[in-house]
1. Looking at region 140-157, is at least one residue over 22 Å from residue 7 (Cα atoms) and free of Cβ contacts under 8 Å to residues at least 12 places away in the same chain?
2. Can you tell me which of (1) within 15 Å of residue 17 (Cα to Cα); (2) touching a residue at least 40 places away in the same chain (Cβ under 8 Å); (3) not in a helix (DSSP H, G or I) is the one residue 168 doesn't meet?
3. Yes or no: region 117-126 includes at least one residue that is at pLDDT below 95 and part of a helix (DSSP H, G or I).
4. Looking at (1) within 18 Å of the chain's Cα centre (by Cα); (2) outside any loop (DSSP other than H, G, I, E, B); (3) at pLDDT below 95, can you tell me which one residue 136 breaks?
5. Filtering region 150-165 down to residues that are assigned to a loop (DSSP other than H, G, I, E, B) and either outside the structural domain of residue 13 (by TED's automatic domain parsing) or over 19 Å from residue 207 (Cα atoms) (or both), which residue is nearest to the chain's Cα centre (by Cα)?
6. If residue 194 satisfies all but one of (1) touching a strand residue (DSSP E or B) at 6+ places or on another chain (Cβ under 7 Å); (2) within 17 Å of residue 87 (Cα to Cα), what's the number of the condition it fails?
7. Among the numbered criteria (1) under 24 Å from residue 80 (Cβ atoms); (2) in a loop (DSSP other than H, G, I, E, B), which one does residue 103 miss?
8. Could you run through region 184-215 and say how many residues are within 16 Å of residue 43 (Cβ to Cβ) and either surrounded by 13 or more Cβ atoms within 10 Å (Cβ to Cβ) or in contact (Cβ under 8 Å) with a residue 40 or more places away in the chain (or both)?
């Protein structure tokens, strides 16, 4: 693609900015086994909002929702928030080029507050941060990325999306953006059919190298 046309770059957060997906997998795997006798809840809910998870798997179960919410809040306050390799340099390079950046995440404001506490530099790093509280339909619906484009003043043709989850990749594609998949949560063979480009992480990556990335 012509990188000169890119006006905005939208990033999912978990598995794209921070390498946290494995921690979430452990948490939701335990929740699935404890409350639903389900072994694969973690795989089913990747990229989804908490509201979606509750409406889909815990409808009408107020006590369980409260218990899970409390456990999740405690878990997120104690999580290890480590950057995906190379992402800091890449985001800085976009800012230097005048490209608008935004985080588009299925996480809520409370979770992001825990992130800001651990890494105060995150909030000012991006032009915008959009959380689950700002859109109704969860990924794979394109709503969150369409909102990201609106906020950033871009169009699908001028927007690049970075995603790692299956639902997130589908959301980016449904929004009409050019989608780069990160093989951080799923292996390359899972990510590849769902996006335009695939990278392992951001080490040494620049917009100029996009056309050299193996499909």
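1. no
2. (3)
3. Within region 117-126 (the criterion being at pLDDT below 95 and part of a helix (DSSP H, G or I)), the answer is yes, since at least one residue qualifies.
4. Going through (1) within 18 Å of the chain's Cα centre (by Cα); (2) outside any loop (DSSP other than H, G, I, E, B); (3) at pLDDT below 95 one by one, residue 136 breaks only (2).
5. Of everything passing the filter in region 150-165, 165 is nearest to the chain's Cα centre (by Cα).
6. With (1) touching a strand residue (DSSP E or B) at 6+ places or on another chain (Cβ under 7 Å); (2) within 17 Å of residue 87 (Cα to Cα) applied to residue 194, the lone miss is (2).
7. (2)
8. Of the residues in that region, 6 qualify.
The values are calculated or read from the model by the stated rules, or taken from the named source; none is laboratory data. Keep in mind the model is a prediction, meaning the values are calculated, not measured. Methodologically, a virtual Cβ is constructed for each residue, glycine included, from the backbone with ideal geometry; neighbour enumeration extends over all protein chains shown.
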